[in-house]
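Beneath this line is the structure, given in structure tokens, with notes to follow.
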Amino acid sequence: MHVRKPPDFIEPAAGRTELTSGRGPSHPLRSLGAVDNPPRRLTFRSPMERLRLVPLDDTVVFPSMTVTLPVDVGNDDRVFLVPRHAGDYAPVGVVAEVVDRVRLPGGGRALVLSGLHRGVAGAARNDPAGHLVVEVEAKPDETPPRSRTAELEREYRAVVLEILELRGDDGRVAAFLRSITEPGALADTSGYSPDLSFAQKVELLETLGVVERLELALRLQRERLAELQVRKRIRDDAESGAQKQQRDYILRRQLDSIRKELGEDETSVADEYRKKIADAGMPDAVRKQAERELGRLERMGESSPESSMIRSYLDWLLAVPWAKRSEERLDPVHAREVLDADHAGLDDVKQRIVEYLAVRKLRAERGVPDDRRSGAILTLIGPPGTGKTSIGESIARATGRKFVRMSLGGVRDEAEIRGHRRTYIGALPGRLVRALCDAGTMNPVIMLDEVDKVGADWRGDPSSALLEVLDPAQNHAFRDHYLDVELDLSHVLFIATANVADTIPGPLVDRMEVIRFDGYTVEEKLAIARGFLWPRQVERNGLRPDEVSIDDAVVRTVITEYTREAGVRQLERELGRLLRKTATRIAAGAATAPVAIDPAVAHEALGRPKFFQESAERTAVPGVATGLAVTPTGGDVLFVEAAAMAGGDGLVLTGQLGDVMKESARIALTWVRSHAADLGIDERAFRRRQFHVHVPAGAIPKDGPSAGVTMVTALASLLTGRAVKHNVGMTGEVTLRGRVLPIGGVKQKVLAAHAAGLTDVILPERNRGDLDEVPAEVQQAMRFHLVSSVDEALSLALETGEKALAA
């Protein structure tokens, strides 16, 4: 604290001194005696009242307060009360009136003082009796306009009332607060607060403006309220925790007493576990482990913190269906009927399931014991929407087994597969153990969905944990980290699904029997739409089968003009959209059932076509060839465009091509240039010319060697001036000597060419055997040209007539 100088000054009379903080060169108030030869100071021009100064050490008195002080002021009726701290006086005090004089036990005297108003200290001097007298400028509160203080008063009262509620006020203090009507006096009530510090109270006393004082008091009380609320939360949390512990202890003691009365004490709990272990049909090693843990539980008792962990472990150990098996139906004919009824196409996976059941049937009929190292682990790899996940349920139904699905997409923690060790808080078995518990048998069908999307980070690599699970030579002795006993997974039929095989680790793929889903033909999509998608969407949209009908031709239109996919998900969305429009018309009374959907209605409901057969338009000019590619969503048609321009020698490649595809483009240009004479191209066409090869859909990364034939054809077409036939698609890797090497994904590429309206496909000769996988209706609708060299491919792909590029 310090003393501020008054704003207006006059020369003081002789013998007077100014009230200061004592920190300057002169220190007149350190000693309260008379002052000789005082320095010249200034005092207020306005009239002042001379009052005896009564210092209050570390105490602040506000106007309207009544205090009793053990002091003697003689016959004075009024005094000036000033807060003091460490010898420093506050510049503002309170003018107080002597209400009563009392005599204390022992002969002492005391005064009962009542604060009147604030005052600002001026010059000070010692009176003839040696008492310190100061000149005080009265500062009574000036009542401001009601509009400036009304909101502050309401908020201040609300905050203080909430504080009193937290303090447990009996209502008297609240009534006192409500009785105060003056805003200045209302702000001064903060001086009663025991939570405000001496400095805060002095700051409040020194604030002379009523509005500013009320704002300061409101801010201080808000801080106090926030502190009290935090204290209350901490106290409540501590009390609730202690009450919960006490309640749990009492309930536990009562439970012990009830168990003893019922004869269900710790001994009976152990006997119950022992009976369950005997009835669980565990293998000998597992049973010994369970009995060992049960012995630990008996020795330590229920009061031990570790007892709950042991009981949880025993509960999980007993939850595993050690001796339970689903009764399989080993009927290959029935299984094929079930699979055909649920899914159209997918002959490869259906045939493999039938073979699996046939082998098991023969082994069972001939008494051949089960081979624990001959489990079936199938991996279905194909584009989305081809029925990989849904066929797992059909396989379980066809074999009479339980079905459990485990989604592995985004799993990054190895413990998700193997479980956590029991040393961790909240440890659980892995997903495989929980899947067996959910199935209730040891021979379910477990689908490992999206196995190609398993991640890896600092917590481990789940795909490495799957190496043991999906290895028929090891999974008969799988060990979960939590249970820490061997589980026989050789009877489980594992079916994994993936979109691409590239992201699956090589050692894991090596343990799988891969079956590829290459997508559906138009006829297969039509059959699926008729048998599955249309009835399901009719029901979902609140319609009856007899209220709406659609022709096969309209469904084909939807397939070819509104979808371009290997699966049928988009087809189902479009059919659902078509039925929603129809249901809206029927509900609104715009149409009456039955409604027949024709091509006009379909186009009106679905809008303009989304896909076009544009190969004829795109290849109408020389330099554009139609290639075939495989994407994660199935086969697709891509166009390779070539152009030449005057300038320096070089090759420009665009379209987000990978390194392998860039090398194919360089090989293609080298081959065409080296065989220019054979193709009828003037050698001068390559001089001072720059060639540009572009593969459209530049936002999509592309890579692979199978576009080599297409790039050679595009460059040859550009330089010879002969356009590529619009109905021809091609694929194949090209060597520098012009050989055409085999490629993969033949079935998917052929299906994409068929869906795009192409009738001729150029394939490598060594892919002849892959044509057996192409559906018969597609083989009948298309012509396949198997070539061994680029010369053969060009003779088939280019139109007749020569218009060589001029030099």
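The values are calculated or read from the model by the stated rules, or taken from the named source; none is laboratory data. Only a predicted model underlies this, so the values are computations on that prediction, with no experimental measurement involved. Please note: Cβ atoms are built from the backbone with ideal geometry, for glycine as well, and neighbour counts cover all protein chains shown. Calculation scope for accessible area: heavy atoms of the full protein, side chains included, ligands and nucleic acids excluded. Shrake-Rupley method; radii C 1.70, N 1.55, O 1.52, S 1.80 Å.
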Legend entry - Lone unmet requirement of (1) free of Cβ contacts under 8 Å to residues at least 60 places away in the same chain; (2) surrounded by 12 or more Cβ atoms within 10 Å (Cβ to Cβ); (3) closer than 30 Å to PRO144 by Cβ for GLU206: (1)
Inset, instruction - Can you tell me which residue among THR626, THR633 is in contact with a strand residue (DSSP E or B) (Cβ under 8 Å, 6 or more places away or on another chain) and among the β-branched types (Val, Ile, Thr)? - result: THR626
Inset, instruction - Go through the range 175-191 and count every residue that is out of contact with any helix residue (DSSP H, G or I) (no Cβ under 7 Å at 6 or more places or on another chain) and open to solvent by 20 Å² or more (accessible area, probe 1.4 Å). - result: 7
Inset, instruction - Evaluate the following for GLY209: is it of a type in the set (Gly, Ala, Ser) and within 20 Å of ARG154 (Cβ to Cβ)? - result: yes
Inset, instruction - Among the residues of the range 415-445, write down those that are in a loop (DSSP other than H, G, I, E, B), open to solvent by 60 Å² or more (accessible area, probe 1.4 Å) and either basic (Lys, Arg) or out of contact with any Leu (no Cβ under 8 Å at 6 or more places or on another chain) (or both). - result: ARG421, ARG422, THR423, TYR424, ILE425, GLY426, LEU428
Inset, instruction - Find the residue count for the range 70-102, including only residues that are open to solvent by 30 Å² or more (accessible area, probe 1.4 Å) and either among the small types (Gly, Ala, Ser) or free of Cβ contacts under 8 Å to residues at least 60 places away in the same chain (or both). - result: 16
Legend entry - the range 103-137, subset assigned to a strand (DSSP E or B) and open to solvent by 50 Å² or more (accessible area, probe 1.4 Å), residue farthest from LEU69 (Cα to Cα): ARG125
Inset, instruction - Residues that are closer than 23 Å to LEU669 by Cβ and open to solvent by 50 Å² or more (accessible area, probe 1.4 Å): find the helices (runs of 4 or more DSSP H) completely inside the range 721-807 holding 3 or more of those. - result: 790-797
Inset, instruction - Would you kindly identify the strands (runs of 3 or more DSSP E) lying entirely within the range 470-559 that contain at least 3 residues that are farther than 19 Å from VAL451 by Cβ? - result: 548-550
Inset, instruction - Have a look at ALA596, ALA591 and point out the one that is out of contact with any Phe, Trp or Tyr (no Cβ under 8 Å at 6 or more places or on another chain) and either open to solvent by less than 50 Å² (accessible area, probe 1.4 Å) or assigned to a loop (DSSP other than H, G, I, E, B) (or both). - result: ALA591
Legend entry - Filter result for GLY382 (closer than 24 Å to ASP502 by Cβ, among the small types (Gly, Ala, Ser) and open to solvent by less than 40 Å² (accessible area, probe 1.4 Å)): yes
Inset, instruction - Within the range 138-155, count every residue that is touching a residue at least 60 places away in the same chain (Cβ under 8 Å) and outside any loop (DSSP other than H, G, I, E, B). - result: 7
Legend entry - Hey, ALA344 open to solvent by less than 30 Å² (accessible area, probe 1.4 Å), small (Gly, Ala, Ser) and at pLDDT 85 or above or not: no
Inset, instruction - Can you tell me which residue among PRO321, PRO383, PRO369 is part of a loop (DSSP other than H, G, I, E, B) and in contact with a Phe, Trp or Tyr (Cβ under 9 Å, 6 or more places away or on another chain)? - result: PRO383
Inset, instruction - Answer yes or no: is there a residue in the range 192-200 that is crowded, with 16+ Cβ neighbours inside 10 Å and assigned to a helix (DSSP H, G or I). - result: yes
